[in-house]
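S.K.: Quick one: the structure is below, and I'll ask about it shortly.
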């Protein structure tokens, strides 16, 4: 199984990419709904919870794990990756690579939760890979609750999104990284505001592309992953709005399992 | 000390009432910031966390405890109160009593988190005390994130608040209970939308009034509470936006303590 871990339901946007790019590969999904949101909580808690969640997925039989949550990838990916014998993927670096391949003018915008933006991880990864690029950041703390309420097309939301995004547009960005698993669900509104001159980068697509490349090179592991039959969707507590969000992400409802042992 | 427990920082609106109505009484505040929000999480978790938090406050020397969080009061107050040897106050019943004393036309609106509204507690308490009253309910899940971002005066918020509140106004309510500790911080916007014909009931004022009456009748306990000197503000993890919210609620910043033992 391909393990995916997210703080809640937003990571289903990454499951959608797995289903599109890697059909036939079963997933085991863990949403840490009892502890969400991660985006406004301290780094040390995110690190500790993320380790527990990744370990749980491996213990349940996942052969590789994607940390779908940007805040968890920001604070915990390096630590977990260094200490893991099995393959772990985060969403930050794949998104950055794709943004660097996309930008023409070297001005990249990044939107995310307060935790992801405050972590400085995007700044660090972008500068590591290309010193010449100028990144601009904006935390958009109201986007996740708006998306979880399926409130994207309701009055007031466009004004809020403009408040967040206009400063980035005014900086002349030509590329925008959606630095939170929920944000692809608001892509329509975001695209309308930033305009056609700005290319949107969805790290969910980018990380699953990297996983796909990895599996092409590791056929034995790929075959092992495929041996499982069913998808599993596990949560640390009964998720709020599971039906709404799973329909938005996957076009179908999911059968949820509540686990109590992580 | 007077103990106050809330899922996060919103309960500081109740501390403000204690400071106004009961000056000279020190408080110990516990915000369960590691686990917030309570409003979208399952009842059984809220019950278990609420018990831990109330026990912690008593163990730290609180002589009485106010459950300031409406979601916790909704799911856990009866259970905790039945099993406690020491006085525990919730915010639901005091707010309902004040609303019943206020309404002229018997149409009362209640706004709260999804958890509080889904619990049916306001329906039950209102009907217990007055069968003839007709309550109307609206969960307003975006209000807490908007308030925590101090986004109340920003574009888009008035439109969101109108979407939530207009259906209640259209039902002809003359009284509106603010069924979440955060909502007093949005009182200005709410008042503008519901108009002068609707009287706003803030359960924070009502519960502290009940505590005050209780202490007048229990002078020995009142004197014991007063013996402590300092206010304490404790959190299960470093709170997000502590400075902003404490300034909004109390007009000053608070010294926060992070505790790890509940």
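S.K.: Between residue A:131 and residue B:21, what is the label-to-label distance in nm when each label sits 7 Å out along the Cα-to-Cβ direction?
M.R.: Placing both labels 7 Å beyond Cα along the Cβ direction yields 6.4 nm.
S.K.: In addition: At 0.36 nm per residue, and after removing the present C-alpha to C-alpha distance, how many nm does the segment from residue A:55 to residue A:238 gain when stretched out fully?
M.R.: Details: separation 183, 0.36 × 183 = 65.88 nm, distance 2.06 nm.
Length gained, residue A:55 through residue A:238: 63.8 nm.
S.K.: Follow-up. If I fit a long axis through the Cα atoms of helix A:70-83 and take the longest principal axis of the Cα atoms of chain A, what angle between them do I get, 0 to 90°, rounded to 10?
M.R.: 50
S.K.: If you wrap a convex hull around the Cα atoms of the range A:128-262, how much volume per residue is inside, in Å³?
M.R.: So the per-residue hull volume is 174 Å³.
S.K.: Tell me, what is the FRET efficiency for residue A:219 and residue B:82 to the nearest 0.05, using R0 = 51 angstrom and their Cβ-Cβ distance as r? Write out the running numbers ahead of the final one.
M.R.: Details: r = 62 Å, r/R0 = 1.21.
Step by step, r from the Cβ atoms, then E = 0.25.
S.K.: Using helices alone, I'd like the mean residue ellipticity at 222 nm for the protein assembly as shown: each DSSP H run of four-plus residues gives -39500 (n - 2.57), total over residue count, nearest 500.
M.R.: On the way: 24 runs with 254 residues, N = 524.
That comes out to -14500 deg cm²/dmol.
S.K.: Here's a follow-up. If one computes P(r) from the Cα atoms of the range A:1-125, what percent of pairs lie at distances over 24 Å?
M.R.: Every Cα pair in the range A:1-125 considered, those over 24 Å come to 26 percent.
S.K.: Given the C-alpha centroids of the range A:89-131 and the range A:236-251, what is the distance between them in whole angstrom?
M.R.: Result: 28 Å between the Cα centres.
S.K.: If one takes the longest principal axis of the Cα atoms in chain A, at what angle in degrees, from 0 to 90 and to the nearest 10, does the Cα axis of helix A:92-102 lie?
M.R.: That helix lies at roughly 50 degrees to the long axis.
S.K.: From the P(r) of the range A:6-71, could you give the percentage of C-alpha pairs in the tail past 13 Å?
M.R.: 63
S.K.: Related question: Between copies, how far apart are the residue A:106 label points? List them in nm, one decimal, shortest first, with each point 7 Å from Cα toward Cβ, please?
M.R.: Distances to the matching label points in the other copies: 7.4 nm.
S.K.: Then there is this: Compute the semi-axes of the equivalent ellipsoid of the protein assembly as shown, taking the square root of 5 times each eigenvalue of the Cα gyration tensor, and list them largest first in whole Å.
M.R.: Sorted largest first and rounded, they come to 43, 25, 22 Å.
S.K.: Rounded to the nearest 10 degrees, what's the angle between the helix B:43-59 long axis and the longest principal axis of chain B, both from Cα atoms, 0 to 90?
M.R.: 40
S.K.: Given a cut-off of under 8 Å on Cα pairs at least six residues apart, what relative contact order in percent is computed for chain B?
M.R.: After rounding, I find 27 percent.
S.K.: At R0 = 30 Å, how high is the FRET efficiency between residue B:123 and residue B:259 if r is their beta carbon distance? Nearest 0.05 is fine.
M.R.: The calculated FRET efficiency here is 0.30.
S.K.: Of all the Cα-Cα pairs you can form in the range A:191-239, what percent are over 11 Å apart?
M.R.: Value for the range A:191-239 (Cα pairs over 11 Å): 78 percent.
S.K.: So if R0 is 22 Å, what FRET efficiency would residue B:101 and residue B:43 give, r being the distance between their Cβ atoms, rounded to the nearest 0.05?
M.R.: Calculated value: 0.15.
S.K.: Same structure, new question: Which log10 I(q)/I(0) values, to two decimals, does chain A give at q = 0.09, 0.11, 0.14, 0.17 Å⁻¹ under the Debye formula with one point per Cα?
M.R.: Log10 I(q)/I(0), no solvent term: -0.37, -0.55, -0.92, -1.36.
S.K.: As a footprinting exposure proxy, order A:234, B:180 by other Cβ within 10 Å, with the fewest listed first.
M.R.: Values: A:234 20, B:180 30.
Ranking A:234, B:180 by Cβ neighbours within 10 Å, fewest first, gives A:234, B:180.
S.K.: To the nearest µm²/s, what D does Stokes-Einstein give for the range B:93-203 at 25 °C and 0.890 mPa s, using the Kirkwood radius over alpha carbon pairs as Rh? All intermediate terms of the calculation are to be shown ahead of the outcome.
M.R.: On the way: Rh = 13.9 Å.
It diffuses with D of about 177 µm²/s by this estimate.
No lab work stands behind these numbers, since they all come straight from the coordinates. Bear in mind the structure is a predicted one, so any value in this text is a computation, not a measurement. Note: ideal-geometry Cβ built from the backbone for every residue, glycine included; neighbour counts use all protein chains shown.
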